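Visitor: The following block contains the structure, expressed as structure tokens.
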Amino acid sequence: MIFTLVLLSIGALLLLVIVINVIQQQKEKAEAERRMELARQRAILDETEGVLSNTGMMPCSSYIVMILYRRIQEALSNAVNLTVPPQKNDYQRRLLDLQAQIESLQGTSNVPPIESFRLPDNDKQVLVVVQTLKKLKAILRAEHNKGKVDPTVFAEEENRIDSLQLRINVDSMISRARAACFMKQYGSAKQMVSKALATLHAIKAQTPNDPFIGRKVDEAKQLLDEIMGAQKMSEPAGRQKRSEEDDLDMLFQPKKKW
């Protein structure tokens, strides 16, 4: 009888240990999933807030700003549910501040013209704009796929981003062509301005009424004429220099003995 009770006690203890281990593993798994999800929400916050902080460098509409606000709001709400004080208090405060900004933006319709955009002179700033537009386009598509963006707004905002990317690409190629021409690297200058013209003609076939395209085509053609003219003017001097070098070679070459 005693032996049976001992066995039952040992069995009960083993079962208790197993149950405790299972519960502990479930807690650890839940904690790991919580931390992973919190890290994902933080990444969304950092990315979206970074994009939002750079929207001042380009003509962004109030619609795209609202999309970014809503994305941050969702990430903050999820972060609140995944944290405990004092970190939770910080997320709640940020969420309240954001909700006030959203309320102030609701009902507004500000769509600045793309023509107001000017390419920054600083190469680092140009790179920031390019990266921001790329991230902005990815965010816009992701939110649209979730059903959080009206299809009409999505189409208009994507077209605006595409147009801005085109302007940056063309302006950058023309600027590099001018710099190469200034350095008398006429071959590289011709190659870049020809590439810009090819890009413009391809887009012009799709959007023939875009005034930016027509203006940049004229600018690129004028630059190409300038490059060709400068190249022609440099050729006689180059030929004269080569002729003088040939005369010197003839003068100082070893005399032949007959």
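The values are calculated or read from the model by the stated rules, or taken from the named source; none is laboratory data. The structure displayed is predicted, hence computed values, not measured ones. Please note: Cβ atoms are built from the backbone with ideal geometry, for glycine as well, and neighbour counts cover all protein chains shown. These accessible areas exclude ligands, DNA and RNA; they are computed on the full protein's heavy atoms, side chains included. Shrake-Rupley method; radii C 1.70, N 1.55, O 1.52, S 1.80 Å.
Visitor: Quick one: Leu136 ticks every box in (1) loosely packed, with under 15 Cβ neighbours inside 10 Å; (2) closer than 26 Å to Val80 by Cα bar one, so which box is it?
Guide: (1)
Visitor: Taking the conditions exactly as written (surrounded by 18 or more Cβ atoms within 10 Å (Cβ to Cβ), closer than 15 Å to Gly56 by Cβ and not polar (S, T, N, Q)), does Val149 satisfy them or not?
Guide: no
Every residue, every condition in (1) of a type in the set (Lys, Arg); (2) in contact with a Leu (Cβ under 9 Å, 6 or more places away or on another chain); (3) crowded, with 16+ Cβ neighbours inside 10 Å; (4) part of a helix (DSSP H, G or I), yes or no:
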{"position": "Leu16", "(1), (2), (3), (4)": "no, no, no, yes"}
{"position": "Gln24", "(1), (2), (3), (4)": "no, no, no, yes"}
{"position": "Glu33", "(1), (2), (3), (4)": "no, no, no, yes"}
{"position": "Arg42", "(1), (2), (3), (4)": "yes, no, no, yes"}
{"position": "Thr48", "(1), (2), (3), (4)": "no, yes, yes, yes"}
{"position": "Val65", "(1), (2), (3), (4)": "no, yes, yes, yes"}
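Visitor: Go through segment 169-219 and give me each residue that's open to solvent by 70 Å² or more (accessible area, probe 1.4 Å) and either at positive phi or among the small types (Gly, Ala, Ser) (or both).
Guide: Lys184, Ala205
Visitor: On to the next question. Among the residues of segment 184-194, is there at least one that is of a type outside the set (A, V, I, L, M), in a helix (DSSP H, G or I), touching a residue at least 60 places away in the same chain (Cβ under 8 Å) and more than 18 Å from Ser53 (Cβ to Cβ)?
Guide: No.
Visitor: When you scan segment 55-62, do you find a residue that is assigned to a helix (DSSP H, G or I) and buried (at least 17 other Cβ atoms within 10 Å of the Cβ), even just one?
Guide: Checked against the condition, which is being assigned to a helix (DSSP H, G or I) and buried (at least 17 other Cβ atoms within 10 Å of the Cβ), segment 55-62 yields no hits at all.
Visitor: Next up: Can you name every residue in segment 80-107 that is of a type in the set (S, T, N, Q), under 17 Å from Arg40 (Cβ atoms) and assigned to a helix (DSSP H, G or I)?
Guide: Asn81, Gln87
Visitor: Residue under question is Arg141, and the condition is that it be in a helix (DSSP H, G or I), in contact (Cβ under 8 Å) with a residue 12 or more places away in the chain, open to solvent by 90 Å² or more (accessible area, probe 1.4 Å) and under 30 Å from Ser234 (Cβ atoms); does it hold?
Guide: No, not satisfied.
Visitor: If Arg71 satisfies all but one of (1) among the charged types (D, E, K, R); (2) within 30 Å of Ser175 (Cβ to Cβ); (3) in contact with a helix residue (DSSP H, G or I) (Cβ under 8 Å, 6 or more places away or on another chain), what's the number of the condition it fails?
Guide: Of the numbered conditions (1) among the charged types (D, E, K, R); (2) within 30 Å of Ser175 (Cβ to Cβ); (3) in contact with a helix residue (DSSP H, G or I) (Cβ under 8 Å, 6 or more places away or on another chain), the odd one out for Arg71 is (2).
Visitor: Condition (residue is on the phi < 0 side of the Ramachandran plot and in contact with a Pro (Cβ under 8 Å, 6 or more places away or on another chain)) applied to segment 63-75: is it met by at least one residue?
Guide: No: zero hits.
Visitor: Further question on the same structure: Residue under question is Val170, and the condition is that it be closer than 30 Å to Ser194 by Cβ and within 15 Å of the chain's Cα centre (by Cα); does it hold?
Guide: no
Visitor: Related question: Please go through segment 84-123 and pick out each residue that is open to solvent by less than 30 Å² (accessible area, probe 1.4 Å) and modelled with pLDDT of 90 or more.
Guide: Tyr91, Leu95, Leu98, Ile102
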